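J.: Input: one structure, supplied below.
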Amino acid sequence: MATTLKMDKNDALIVKESLELDRNIMKLSLLEYRKKLKDFEKKHKMTTKAFLQKFNAGTLGDDGEWFDWLFASKACEHVKDRLHRIAAIV
C-alpha cells in the first residue's frame, strides 16, 4: 500500500536525513550481526543455514546459545529487510 505525503522542502529534508541516519545505523547493526553469525559458525563448525535446519528440526536441544544464534540470524534478516525498504524510499 503506497501512501503519499504532502510536505514542504524543509520537512522533506528532515525526513530524508532521518532515513539516511537510520540507514547508517542499520548498516552498522548489520555488520555486528554478521560478525556474530560468523563467530557462531566458526565455534560450532556449521553454517547458519545448517544451524537453522537443525534448530528447526529440534535436534540441537535447548541450550541458550542456540537461541542467541537464532536471534542474531533473525535480527540480521530484519536489518537487511529494513535497509531494502529505506533504499526504496531514499
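Every number here is computed from the coordinates shown, using simple stated rules; none is lab data. Computed from a predicted structure; not experimentally measured. Virtual Cβ from ideal backbone geometry, glycine too; neighbours counted across all protein chains shown.
J.: Got the relative contact order for the chain handy, in percent, Cα pairs under 8 Å and 6 or more residues apart?
T.: 43 percent.
J.: Right, something else. With only alpha-carbon atoms in the gyration tensor, what are the semi-axes of the equivalent ellipsoid for the stretch 18-89, in Å, largest first?
T.: 28, 12, 9
J.: Sticking with this one: What is the distance, in nm, between label points placed 7 Å from the Cα along the Cα-to-Cβ direction at Lys74 and at Lys49?
T.: 2.2
J.: What is the spin-label model distance, in nm, from Lys6 to Glu41 if the labels are put 7 Å beyond Cα along the C-beta direction?
T.: Computed distance between label sites Lys6 and Glu41 equals 5.0 nm.
J.: Looking at the stretch 18-89, how many pairs of lysines come closer than 16 Å at the Cα, when each pair is eight or more places apart or spans two chains?
T.: Summing the qualifying lysine pairs gives 19.
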